[in-house]
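Inspection log for the structure reproduced underneath, given as structure tokens.
The values are calculated or read from the model by the stated rules, or taken from the named source; none is laboratory data. This is a predicted model, so every value here is computed, not measured. For neighbour counting, all protein chains shown are included, and Cβ atoms are generated from backbone atoms with ideal geometry for every residue, glycine included. Areas reflect the complete protein model, heavy atoms only, side chains present, ligands, DNA and RNA absent. Shrake-Rupley method; radii C 1.70, N 1.55, O 1.52, S 1.80 Å.
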Amino acid sequence: MKVKTPMLILLVLILLVTTSAVAASMEIEKVKITTGSALEDKTYADVYVGSKYSGENVIIQIYYSRDGSLLNHGNMVPKTVDNGGYIHVASADSYRYYPDKAEINLYDTSENLLDSVTVYLEITSGTQTFSSYDLDRDGDYTSSSYSSSSSSSSSSSGGSTTTYNSGTSDSYVGNSNSGKFHAPGCGDVNKMKPSNKVYFSSRDEAVGAGYSPCGHCHP
């Protein structure tokens with residue numbers, strides 16, 4: 001059966017729109033980073049986005065760093081999601097130092113950003129796996145490689161003192177990195193780095209300090 005040209009064009013457009021919509025909803029769900037023990041070993045990343053995206057073409061960019069210094073140039077690498085829902089990418093070069101952080105950017109083929117996450121690595125060889133809980137999307141969250149134990153420190157500015165890691169279960173908790181504050185019991189609080197936590201005795205105190213309400217718990 002011969003398909004008329006207008007109908008063929010319509011079918012192609014529908015396919016393109018559907019594909020674009022699927023890709024636009026793609027998020028990074030899990031990350032595995034593997035580093036070797038020899039100087040010539042490259043670093044490998046397995047990024048899981050879900051098997052429903054199998055066959056999708058994407059672009060991935062990974063910045064590895066150690067102690068705040070970049071170890072690579074963050075090349076944008078075209079990849080295809082495999083049948084298991086993974087994107088596999090090897091570093092272009094081997095690194096002299098083990099990375100302690102990986103920043104992963106996921107784009108569609110038009111270089112529109114789909115997702116961006118950061119994982120914090122233990123400084124060692126081997127494979128480290130990060131679940132969705134460990135993925136830092138806002139600079140707020142700590143990974144499993146960070147200690148969850150609390151320590152007390154303080155900083156002063158303009159005569160006022162902010163105390164970290166010394167709140168109670170009834171305290172409002174601010175994030176010094178994001179500028180957001182959270183209600184007692186908000187799930188996001190457990191995902192913060194301990195050093196970013198700032199405690200307030202009331203909502204008014206948090207707002208007065210220049211913090212804005214969390215969009216999840218709406219304190």
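For the range 193-219, name all the residues that are within 18 Å of the chain's Cα centre (by Cα) and in contact (Cβ under 8 Å) with a residue 40 or more places away in the chain.
Lys193, Pro194, Asn196, listed by residue number.
Which residue is most open to solvent (accessible area, probe 1.4 Å), if the candidates are limited to the range 179-209 and must be touching a strand residue (DSSP E or B) at 6+ places or on another chain (Cβ under 9 Å) and acidic (Asp, Glu)?
Glu205
Name the residues in the range 78-108 that are buried (at least 16 other Cβ atoms within 10 Å of the Cβ), hydrophobic (A, V, I, L, M, F, W, C) and not in a loop (DSSP other than H, G, I, E, B), would you?
Result: Ile87, Val89, Ala102, Ile104, Leu106.
In this structure, is Ile59 crowded, with 17+ Cβ neighbours inside 10 Å and in contact (Cβ under 8 Å) with a residue 60 or more places away in the chain?
Answer is no for this residue.
Please go through the range 109-127 and give me each residue that is open to solvent by less than 60 Å² (accessible area, probe 1.4 Å) and either part of a strand (DSSP E or B) or among the charged types (D, E, K, R) (or both), ordered by number.
Once the filter is applied, which keeps residues that are open to solvent by less than 60 Å² (accessible area, probe 1.4 Å) and either part of a strand (DSSP E or B) or among the charged types (D, E, K, R) (or both), the range 109-127 yields Leu114, Asp115, Ser116, Val117, Thr118, Val119, Tyr120, Gly126.
Return the only residue of Val31, Val47, Val22 being in a helix (DSSP H, G or I) and either at pLDDT 95 or above or surrounded by fewer than 17 Cβ atoms within 10 Å (Cβ to Cβ) (or both).
Step by step, each of Val31, Val47, Val22 is checked, and only Val22 is in a helix (DSSP H, G or I) and either at pLDDT 95 or above or surrounded by fewer than 17 Cβ atoms within 10 Å (Cβ to Cβ) (or both).
Identify the single condition in (1) in contact with a helix residue (DSSP H, G or I) (Cβ under 6 Å, 6 or more places away or on another chain); (2) within 13 Å of Tyr107 (Cβ to Cβ) that Val49 does not satisfy, given that it satisfies every other one.
Here Val49 clears every test but (1).
Under 9 Å between Cβ atoms, which residue pairs at least 6 apart in sequence (or on different chains) link something in the range 181-192 that is on the phi > 0 side of the Ramachandran plot with a partner that is surrounded by fewer than 19 Cβ atoms within 10 Å (Cβ to Cβ) and not in a strand (DSSP E or B)?
Correct list of pairs: Gly185/Ser169; Gly185/Cys217.
Looking at the range 148-171, is at least one residue at pLDDT 50 or above, hydroxyl-bearing (Ser, Thr, Tyr) and under 21 Å from the mean Cα position of the chain (by Cα)?
Among the residues of the range 148-171, not one is at pLDDT 50 or above, hydroxyl-bearing (Ser, Thr, Tyr) and under 21 Å from the mean Cα position of the chain (by Cα), which makes the answer no.
Check Val81 against each of (1) within 23 Å of Gln128 (Cβ to Cβ); (2) modelled with pLDDT under 95 and name the one condition it does not meet.
Every listed condition holds for Val81 apart from (2).
Checking Ile123 against (1) within 30 Å of Val198 (Cβ to Cβ); (2) modelled with pLDDT of 90 or more; (3) more than 11 Å from the chain's Cα centre (by Cα), which test does it fail?
The number of the failed condition is (2).
Quick one: is Asp188 of a type in the set (Asp, Glu) and at pLDDT below 85?
Answer is yes for this residue.
Let me spell it out: the conditions are (1) out of contact with any Lys or Arg (no Cβ under 8 Å at 6 or more places or on another chain); (2) closer than 30 Å to Thr43 by Cβ; (3) modelled with pLDDT under 75, and Lys193 meets all of them except one. Which number is the exception?
Looking at each condition in turn, Lys193 falls short on (3).
Taking the criterion of being more than 16 Å from the chain's Cα centre (by Cα), farther than 23 Å from Gly85 by Cβ, modelled with pLDDT of 65 or more and surrounded by 19 or more Cβ atoms within 10 Å (Cβ to Cβ), would at least one residue in the range 64-74 satisfy it?
Yes: the range 64-74 contains one or more residues that are more than 16 Å from the chain's Cα centre (by Cα), farther than 23 Å from Gly85 by Cβ, modelled with pLDDT of 65 or more and surrounded by 19 or more Cβ atoms within 10 Å (Cβ to Cβ).
Right, Tyr199: part of a strand (DSSP E or B) and either touching a helix residue (DSSP H, G or I) at 6+ places or on another chain (Cβ under 6 Å) or modelled with pLDDT of 50 or more (or both) or not?
Answer is yes for this residue.
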